[in-house]
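The values are calculated or read from the model by the stated rules, or taken from the named source; none is laboratory data. All of these numbers come straight from a predicted model, not from anything done at the bench. As a convention, Cβ positions derive from the backbone with ideal geometry for all residues, glycine included, and neighbour counts pool all protein chains shown.
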Amino acid sequence: MFELYPWQQEIWQILLKNQQYWRHALLLTGKRGIGKYTFSRQLAKSLLCHSTTTEHIACGACLSCRWFEQGGHPNLHCVIPEALSTDTIAIADQENKGSSSLSKSKKNLSQQISIDQIRYLNDFIYLTSHQKEYKVVLIYPAETMTHAAANALLKKLEEPPANVLFILVTHQIQRLLPTIRSRCQQVVMPAPSTEVSIAWLKQHSINDSELILPLNDFSPLLTWSFVREQLTVPHQYFVDSIKQGQNFDPFALALSLQQIHLSTVVGWLQKWCYDLVSYRVTGRVRYYLKLLPAIQILSKQVDLIAYTAFLRELSTHQKLSYHPLNARLFLEEMFIRYSVMLCSK
Ligand SMILES: [Zn+2]
């Protein structure tokens, strides 16, 4: 099956028709949740296909395409962090039916790409390719490479093997070594407009997305995952609680949200706090447009300096959320701190 998102058609044509992009290494950049991973897979599939159409689209029928669809193409090697199994990549590929936010069993798996994973590429890229064809190495997300892994990859990019194309995909290009960036052809992937996102979500039976799209960083794919993972109900409970200001029960809220991935919950609170401060300072909100009346009231109760410090604290929480000792305690502490901040004036 071949699918590009509507907002990717133009960049697809540009890339496929311009051979200068096919020199050893391609770097796809852009914000999270716009379909970069899906795009890179389609790119690899078309490049490996034995019989592409005149539009440079993989035929879907040849031996190579069948290998690809079965997930075992001998000339394709994907390098991803252990923790990003295929269901997490559902964020980038809405065809995948897995659940990432509710998964807790993967919390001990590595979030990074290790040097061993890059070293493991040696056999793949330096040995004779299958039927002497193109070989593709897909690295996602490239910014998760450890420093040692990035240096090991750099050596390969400096002495590129023939007929091997590296496709690096990144949400945060600034975290990549400048020397790696300069060795790659950079392609900025387009993000859909709000109107295009809403139309796409409607096609996928998600209506009224105007309200949840901002909450999901204006990304149609993250919004799609949000609904598929049935986060609408717990998120509503979260909002109904915290909008009560200091009257909500942090222990009950922590208990009810402990099964959801912690980084997801921290993200909700970060956005809520951002809106409180933003309204206080600029009179505008970014994420919780529907809750403007509650934000107007609560933002008056906020001590601005204390809240700014709390926002910084939440950033630290976001990093810690991948390695918490106890989910419930972690959330309890965070919600108590939120409550205290509201009382501080
Ligand atoms: Zn094919």
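For the reader, a short list of remarks on this structure follows.
- Selection count where residues are aromatic (F, W, Y), over 23 Å from L157 (Cα atoms) and away from the ligand (no atom under 16 Å from the Cβ), scope region 22-71: 0
- Single residue of region 142-177 satisfying the filter (in contact (Cβ under 8 Å) with a residue 24 or more places away in the chain and of a type in the set (S, T, N, Q)) that is nearest to K45 (Cα to Cα): N163
- Listed by first and then second residue, the pairs linking a residue in region 53-76 that is in contact (Cβ under 8 Å) with a residue 40 or more places away in the chain to a residue that is basic (K, R), with Cβ atoms under 7 Å apart and 6 or more places separating them unless they lie on different chains, are A58/K45; N75/K135.
- Test: S278 is small (G, A, S) and in contact (Cβ under 8 Å) with a residue 40 or more places away in the chain: no
- Residue within region 138-153 that is exposed (fewer than 13 other Cβ atoms within 10 Å of the Cβ) and at pLDDT below 95 present: no
- Yes/no for L43 being touching a residue at least 40 places away in the same chain (Cβ under 8 Å), under 22 Å from the mean Cα position of the chain (by Cα) and part of a helix (DSSP H, G or I): yes
- Of all residues in region 214-226 being at pLDDT 90 or above and part of a helix (DSSP H, G or I), the one that is surrounded by the fewest Cβ atoms within 10 Å (Cβ to Cβ): L222
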